[in-house]
Every structure is written in structure tokens, then in C-alpha cells.
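The values are calculated or read from the model by the stated rules, or taken from the named source; none is laboratory data. Not measured: the values here are computed from a predicted model. Note that we place each Cβ from the backbone using ideal geometry, even for glycine, and neighbour counts take in every protein chain shown. Just the protein is used for accessible areas: all its heavy atoms, side chains included, with ligands, DNA and RNA removed. Shrake-Rupley method; radii C 1.70, N 1.55, O 1.52, S 1.80 Å.
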Amino acid sequence: MSVARTTEITASSKKSFDDALKVGVKRSSKTLQNITGAWIKDQEVVIDEGKIVSYKVRMMVTFILK
């Protein structure tokens, strides 16, 4: 029997939401082991002078506890 846990991660990118997601998963897998999935909780853009300067995602990452 396995026990899983979820943790909230916020990641950003100057390129796109997709890139922010990849950045978040890559970085969280350096610290968390046995990641099995993630889902996007929220998306946000940062706007400066009428232009999008950053894409942010808040995601829930699920991992299996040892």
C-alpha cells in the first residue's frame, strides 16, 4: 500500500504557461522523490506597461512517500 502527499508549487517563466509548468516540475523533482503527477491550480500573468512580462502557474504536485 502506498501513501501519497501533495504540495503546492508556484513557478514562473518569461516564455509561456507551458514553460512555467516545465520549470516547476523540473525544479520540484530535484527536491521531491517519486513524483507521480501534477495539476494546475491557477494561472496568472504579470503585465508591465501593457505587455505580458511573466507567466505564473500554481500547481499541486503529487508524490509517493517512502
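If you check every pair at least six apart or on different chains, which have Cβ atoms under 6 Å apart with a residue in segment 35-53 that is surrounded by 10 or more Cβ atoms within 10 Å (Cβ to Cβ) first and a residue that is in a strand (DSSP E or B) and among the polar types (S, T, N, Q) second?
T36/T62; G37/T62; V46/S54
Output the number of residues of segment 2-25 satisfying the condition of being closer than 10 Å to S54 by Cα, open to solvent by 50 Å² or more (accessible area, probe 1.4 Å) and of a type in the set (S, T, N, Q).
1
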